[in-house]
Amino acid sequence: MKKCILTLVSALAFLSVNAQVQNKISVNLFSIPVRTFNIAYERQMNNNIGLQMTAYYLFGYNTDWVDESGNNNTTKSSGWGVIPEFRFYPMGNGIKGFYIGPHVRYRHFDFSTEETQTLSGARNTYESNWNQIGGGVVVGGQWHFGNAVNFDIYGGPGFTTNSFSYVGTANSTDFDSGRLNAGSFYFRSGVRLGYSF
């Protein structure tokens with residue numbers, strides 16, 4: 001047991017001595033136009049490896065649409081997600097320059113549709129949840145300006161599973177099909193502006 005503890009302490013000390021430890025907080029500028037706050041924290045582990053955790057929240061938007069029966073509908077949506085990511089920097093300059101970033105992604109969305117029937121004027125409300133679990137890989141580059149400001153751009157493909165659940169009598173016809181018919185493949189990209197410390 002004592003040998004295991006000494007080995008762990010030695011490994012942590014090696015990482016700290018052989019790399020100038022850096023931390024970075026950044027926001028994705030691509031997310032702002034779609035009403036999403038996307039923030040990430042990256043920790044430099046050594047000269048070649050960084051670990052990043054991204055979290056984001058979709059503040060929501062309304063979509064007006066007409067169903068097959070001619071009824072008017074308004075679907076409200078909101079959601080959140082997390083992305084743990086391992087970043088490998090082959091140049092060995094810490095969290096700078098070119099990198100490869102395999103990641104996993106979890107997303108959760110809430111939908112609420114208010115239906116107004118054309119003939120009777122009656123109103124009904126339907127709710128559903130959408131969960132996605134997947135993963136992929138991005139390639140990107142990161143540049144630092146001075147001691148604090150950094151710029152990060154990346155992109156790459158991913159694969160995800162989709163799971164829908166409906167509350168009460170709701171079903172897929174009660175929601176905007178354009179929002180729910182998501183495919184299995186996605187492309188993740190971003191332009192991040194950050195602060196290093």
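Taken together, the residues in region 37-59 that are in contact with a Lys or Arg (Cβ under 8 Å, 6 or more places away or on another chain) and closer than 17 Å to VAL191 by Cβ amount to 3.
Of the numbered criteria (1) at pLDDT 95 or above; (2) under 22 Å from ILE32 (Cα atoms), the one GLY178 fails is (1). Filtering region 118-137 to residues that are over 30 Å from ASN162 (Cα atoms) and either without any contact (Cβ under 8 Å) to a residue 12 or more places away in the chain or surrounded by 14 or more Cβ atoms within 10 Å (Cβ to Cβ) (or both) leaves LEU119, SER120, GLY121, ALA122. Taking the listed residues TYR61, TYR99, TYR56, the one that is of a type in the set (Phe, Trp, Tyr), buried (at least 17 other Cβ atoms within 10 Å of the Cβ) and either more than 14 Å from the chain's Cα centre (by Cα) or farther than 29 Å from THR160 by Cα (or both) is TYR99, with no other qualifying.
The values are calculated or read from the model by the stated rules, or taken from the named source; none is laboratory data. For clarity, every value in this text was computed on a predicted model and none was experimentally measured. Here Cβ is always computed from backbone atoms with ideal geometry, including for glycine, and neighbour counts include all displayed protein chains.
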